[in-house]
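**Student:** After the C-alpha cells below, expect a handful of questions from me.
The values are calculated or read from the model by the stated rules, or taken from the named source; none is laboratory data. Everything quoted here is computed from the prediction, not taken from an experiment. Note that we place each Cβ from the backbone using ideal geometry, even for glycine, and neighbour counts take in every protein chain shown. When the accessible area is computed, the model is the full protein with side chains, heavy atoms only, and any ligands, DNA or RNA have been set aside. Shrake-Rupley method; radii C 1.70, N 1.55, O 1.52, S 1.80 Å.
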Amino acid sequence: HPHTKQVDRLFRAIEDQPGFRYFLGVEVGRDLTLADLEAQYHGVVYAVGAAADRELGLPGEHLPGSLSATDVVGWYNGHPDHQDVDVRLDGERVVFVGNGNVALDVARILTADPADLERTDLAALPWAALRRSRVREVVVLGRRGPAEAAFTVPELIGLAALDGINVVVDGPVTGEDRRSRRLAELAARPVRPGLRTIVLRFLTSPTRILGDEHGVTGVEVVRNRLEADDGGVPRAVPTDEVEVLETGLVLRAVGYRGRPVPDLPYDEATGVVPSDRGRVRPGVYVVGWAKRGPSGFIGTNKTCAQETVERVLD
C-alpha cells in the first residue's frame, strides 16, 4: 500500500528533531548489551515486534515450495535476510493457508499487473520475477466461515476496489455483519474471463502438503462445518469431504510469535516480554507486538505506543 508508506514523512520530521540519532548496523545482544544501554540512557524501549511465524505442523510443510508469508513479504520488499527465498512462480495456482491481512496483501501482489507494481518501491529482482510469473489463481484458505475471517474490513474493501483481478468467494455467505455483507457483494460479481483470480475459500483446512524432494505438488484439504463450543464460539469441525488442490507453491500466514530477547524476561506460552503496561522494570520498556502479542493493526499499535510512552513519562 504505497499511500500507507507516506507515514515516512512523519518519520522524517521526527528524525530532524534535535537530539535524535540513529545507530544502524547494530544488533543488541551481539554488539552491545542491555547493561551497556542502561549505562548510557535513562530509558530503553524495545520495539522488536513478533518476527517469527507460526508453523502449521503438517506433513510436508518443509518441502521446497512451502514457505511462510514472512519470507515472501521480506523477499518482495527487498529485505536483505530474505533475498535467497525460493518463491516458485512457475505454476498457475498458489495456495495460501490463513486468511488474515497478510494473506490478502500477498495475494494482491501475486496477482497484480507488473506494470502497476513497477511504479512502487517493490524490490527490482522480485519485480522481475513477478513479471515472469505464470500464476493465474491464488486460493486463500480459511478454516472457519466468512464471519470469522481474520482479515479486517478495510483490507477487504481495498481488495474489492482492485479493478484488474477477479475476487471469487467460495462458500455460503449468510451473516449480517459488515464483513459478510462485503463478501456477499463480492460473491455476486460476475467472473471476468482472462483476469487473474483470488479465491477466498472458507470452511477449508489443509491436512498435508504433497510433493517430494523436488518440491510441492499439491495440498490435501478437508471441508469443515461450524459447531459452537460450550462458550458459543464457532469452531471448525472436519467432515469426510477431502480433495487435493494442485499447486507448486504453498504459503502460510497463521500468525506470528515473538522471539526471546537477550537480557529481557520472556513468556514462552505467549511469546511476549512480560511487562506492566509496557514497563518491564524502571528504565526498561517494551511496546507493540513484543509487548502484547501479534494482534491489532495500525490504530491498535498507536494506542499501545501511547500507553508505553505514558509509563516512560511517569
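**Student:** Keeping the other protein chains in place, figure out the carbon and sulfur percent of the accessible area of the chain, with a 1.4 Å probe.
**Tutor:** The nonpolar share, carbon plus sulfur, comes to 52 percent.
**Student:** Only Cα pairs under 8 Å and at least 6 apart count here; give the relative contact order of segment 162-205 as a rounded whole percent.
**Tutor:** 56
**Student:** Shifting gears a bit: Scale the Cα Rg of segment 247-304 by the rule-of-thumb value 2.2 N^0.38 Å and send over the ratio, two decimals.
**Tutor:** Relative to the 2.2 N^0.38 Å estimate, segment 247-304 comes out at 1.36.
**Student:** Right, next: Based on DSSP, what percent of beta bridges with both residues in the chain are antiparallel, to the nearest 5?
**Tutor:** 45
**Student:** Also, I was wondering about something else. So how long is each side of segment 1-74 along the principal axes, counting just the alpha-carbon atoms, biggest first, in Å?
**Tutor:** Cα spread of segment 1-74 along its principal axes, largest to smallest: 53, 37, 18 Å.
**Student:** With each pseudo-label sitting 7 Å past Cα toward Cβ, what's the residue 181-residue 32 distance in nm, one decimal?
**Tutor:** Label-label distance for residue 181 and residue 32, simple model: 5.3 nm.
**Student:** Next question, about the same structure. Which one of 151, 202, 20 has the biggest mean-square fluctuation once the chain is modelled by GNM with Cα springs under 10 Å?
**Tutor:** The residue that fluctuates most here is 20.
**Student:** Taking only C-alpha pairs under 8 Å that are 6+ residues apart, what is the relative contact order of the chain in percent?
**Tutor:** 24
**Student:** Continuing with the same structure: Assuming 0.36 nm per residue, please report the length gained on full extension of the stretch residue 157 to residue 17 beyond their Cα-Cα distance.
**Tutor:** Fully extending the segment from residue 157 to residue 17 adds 46.7 nm.
**Student:** For segment 137-256, what does the accessible surface come to per residue with a 1.4 Å probe? Please give it in Å².
**Tutor:** 50
**Student:** Could you tell me how many degrees, from 0 to 90 and to the nearest 10, lie between the Cα long axis of helix 298-313 and the main elongation axis, the longest principal axis, of the Cα atoms of the chain?
**Tutor:** 10
**Student:** Name the residues whose placed amide hydrogens come within less than 5 Å of the amide hydrogen of residue 211, ignoring near sequence neighbours (fewer than 5 apart) on the same chain.
**Tutor:** For residue 211, whose amide H was placed from the backbone, the distant partners under 5 Å are 217.
**Student:** Rank-order 204-210, 116-122, 141-147, 52-58 by packing density, defined as the average count of other C-beta atoms within 10 Å over each peptide's residues, highest first.
**Tutor:** 141-147, 204-210, 52-58, 116-122
**Student:** Could you list which residues have their amide H under 5 Å from that of residue 46, counting only those 5 or more apart in sequence or on another chain, with H placed in the peptide plane?
**Tutor:** The list, which skips near neighbours in sequence, is 285, 286, 287.
**Student:** Connecting C-alpha atoms closer than 10 Å in a GNM of the chain, tell me which of 154, 18, 64 has the biggest fluctuation.
**Tutor:** 18
**Student:** Give the peptides 185-196, 277-288 in descending order of average Cβ contacts within 10 Å, highest first.
**Tutor:** The packing order, highest mean first, is 277-288, 185-196.
**Student:** Between 137, 227, 148, where does the largest GNM mean-square fluctuation fall for the chain, given springs only between Cα atoms within less than 10 Å?
**Tutor:** So, out of 137, 227, 148, the one fluctuating most is 227.
**Student:** In degrees from 0 to 90, rounded to the nearest 10, what is the angle of the helix 101-111 Cα long axis to the longest principal axis of the chain?
**Tutor:** For helix 101-111, the angle is close to 60 degrees.
**Student:** If we sort 128-135, 32-39 on the protection proxy, mean other Cβ atoms within 10 Å, highest first, what's the order?
**Tutor:** Order by mean packing, descending: 128-135, 32-39.
**Student:** Follow-up. For segment 205-314, just the Cα atoms, rotate onto the principal axes and tell me the three extents in Å, largest first.
**Tutor:** 58, 42, 25
**Student:** In degrees, nearest 10, range 0 to 90: what is the angle between the Cα axis of helix 178-187 and the longest Cα principal axis of the chain?
**Tutor:** Around 40 degrees separate the two axes.
**Student:** Out of every Cα-Cα pair in segment 134-271, what percent are more than 22 Å apart?
**Tutor:** 52
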